[in-house]
Amino acid sequence: MSGLLSLRAVFVFLLAITGFWLHPFGLGRWYGAMVGAAVGAALVLFETQVRRVSLKRLIGATAGSIVGILAAYLMSLVLGHAGAGSASVVPFVEIALLATTTYLGLVVGASKGESLNLSALGGLFGSEGASAASLKLLDTSVIIDGRIADIVESGFLDGTLAIPQFVLRELQMVADSSDSMKRNRGRRGLDVLQRIQKLPGLKVEILEDDFPAVREVDLKLIELAKLRECKIVTNDFNLNKVAQLRGVEVLNINELANALKPVVLPGETMRVFILKEGKEYSQGVAYLDDGTMVVVDNARKMISRTIDITVTSVLQTTAGKMIFGRFDERLHAVYDKQQQADRAERAVREGPAGAQAG
């Protein structure tokens, strides 16, 4: 980013020096330098605006401008052959036609450029369209969460992962926070980024695009996704909803985690470890490996033990899935007997030495 700013400054300075030495339009040297610097600044401003325009709009605007210029040229030929008006009127009409048709072609072409199918054109445009579609923006929350590194490492996300510069700034602010909890979360996010960058076969980009007029990082991320025509990877519920309202595709890893949770049906038997007591009398609470809560009736006395339960119902909520079950003493007794039988069989196989060790 600093290199680009330096290049722009050198460009404006060279135009100012050129205006100073050539002093166009009969102006003085210093006035010529100011005109050169103003022209350079206007060109730099135009360049910054063009950088934010999508490739489809740029192609449409260019094609519309060319059509407008050709239309103005043909109308000028007609006016010249007709010889209508005075010698001062015809040039003015020609210039007005050129400006009008070029402007209309530019605006209409840019607005209609979004309907272009660049992938159908093949070649350079096709490859650029494909790369834009495979670009995925990471937000601050999904980086701090950390699961994105495991998902990427498993190969479920392809294409290019992009981290905007404003997301890195927010992550650094969290890592430098005076709050120890926030500071640890920010440093964890930086460690996750380092892990992602070291993964082989994965392309990670740092995007310099920014939107100074937009203050919130989430809104900046949505504007960038619209500009780049790519997807946002997040686990932020609010960002997910706002992005969908703005027409931006979102990959929510919480939804992915919910989709990968094991499917259990009422009447099935499952083995769980009772971790703590439940809210209701005689209830025990267990958790599956993916964090799903299992509420078990008649399991209060089985805390810190692994038991078999029968699933009675499954409740799907916006926060996730809950499983309700009932502890069956007969199943648990069979499980204990099976454990004893396994220990006895192992002792017989190991012989006296194994029995003494047991």
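Check the range 18-33 and report whether any residue there is within 29 Å of ASP209 (Cα to Cα), assigned by TED's automatic domain parsing to the domain that holds LEU98, at pLDDT 80 or above and part of a helix (DSSP H, G or I). Looking through the range 18-33, none of the residues is within 29 Å of ASP209 (Cα to Cα), assigned by TED's automatic domain parsing to the domain that holds LEU98, at pLDDT 80 or above and part of a helix (DSSP H, G or I). Residues that are at pLDDT 75 or above and among the hydroxyl-bearing types (Ser, Thr, Tyr) were ranked within the range 70-106; the one that is farthest from the chain's Cα centre (by Cα) is SER76. Of all the residues in the range 300-315, those that are among the hydrophobic types (A, V, I, L, M, F, W, C), free of Cβ contacts under 8 Å to residues at least 40 places away in the same chain and surrounded by 15 or more Cβ atoms within 10 Å (Cβ to Cβ) number 2.
PRO200 passes every criterion in (1) more than 15 Å from the chain's Cα centre (by Cα); (2) of a type outside the set (A, V, I, L, M, F, W, C); (3) under 26 Å from GLU47 (Cα atoms) apart from (3). The listed residues are GLU350, GLU268, GLU345, and the only one of them that is surrounded by 11 or more Cβ atoms within 10 Å (Cβ to Cβ), among the acidic types (Asp, Glu), more than 30 Å from ALA225 (Cβ to Cβ) and modelled with pLDDT under 75 turns out to be GLU350.
If the condition is being modelled with pLDDT under 90 and among the acidic types (Asp, Glu), then the range 159-173 contributes no residue at all.
Do you know which of the residues in the range 311-326 that are in a strand (DSSP E or B) and either among the basic types (Lys, Arg) or at pLDDT below 90 (or both) is farthest from ASN252 (Cα to Cα)? If we take residues in the range 311-326 being in a strand (DSSP E or B) and either among the basic types (Lys, Arg) or at pLDDT below 90 (or both), then ARG326 is farthest from ASN252 (Cα to Cα). Being at pLDDT 85 or above, farther than 30 Å from ASN235 by Cβ, touching a helix residue (DSSP H, G or I) at 6+ places or on another chain (Cβ under 6 Å) and not assigned by TED's automatic domain parsing to the domain that holds ASN238 holds for only one residue in SER282, SER304, and it is SER282. Summed over the range 205-228, residues that are under 14 Å from GLY247 (Cα atoms) and touching a Lys or Arg at 6+ places or on another chain (Cβ under 8 Å) total 4. For ALA149, the requirement of being out of contact with any strand residue (DSSP E or B) (no Cβ under 9 Å at 6 or more places or on another chain) and more than 21 Å from LEU251 (Cα to Cα) is not met.
Conditions tested, residue by residue: (1) among the small types (Gly, Ala, Ser); (2) modelled with pLDDT of 90 or more; (3) more than 21 Å from THR48 (Cα to Cα); (4) not assigned by TED's automatic domain parsing to the domain that holds ASN252.
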{"site": "ALA149", "(1), (2), (3), (4)": "yes, no, yes, no"}
{"site": "LEU157", "(1), (2), (3), (4)": "no, no, yes, no"}
{"site": "ALA175", "(1), (2), (3), (4)": "yes, yes, yes, no"}
{"site": "ASN184", "(1), (2), (3), (4)": "no, yes, yes, no"}
{"site": "ILE196", "(1), (2), (3), (4)": "no, no, yes, no"}
{"site": "LEU202", "(1), (2), (3), (4)": "no, no, yes, no"}
{"site": "LEU207", "(1), (2), (3), (4)": "no, no, no, no"}
{"site": "ARG215", "(1), (2), (3), (4)": "no, no, no, no"}
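Among the candidates LEU157, LEU171, the residue that is surrounded by 15 or more Cβ atoms within 10 Å (Cβ to Cβ) and under 13 Å from the mean Cα position of the chain (by Cα) is uniquely LEU157.
The values are calculated or read from the model by the stated rules, or taken from the named source; none is laboratory data. Note that the structure is predicted; figures quoted are calculated from it, not measured. Here the Cβ is made from the backbone with ideal geometry for all residues, glycine too, and neighbour counts use every protein chain on show.
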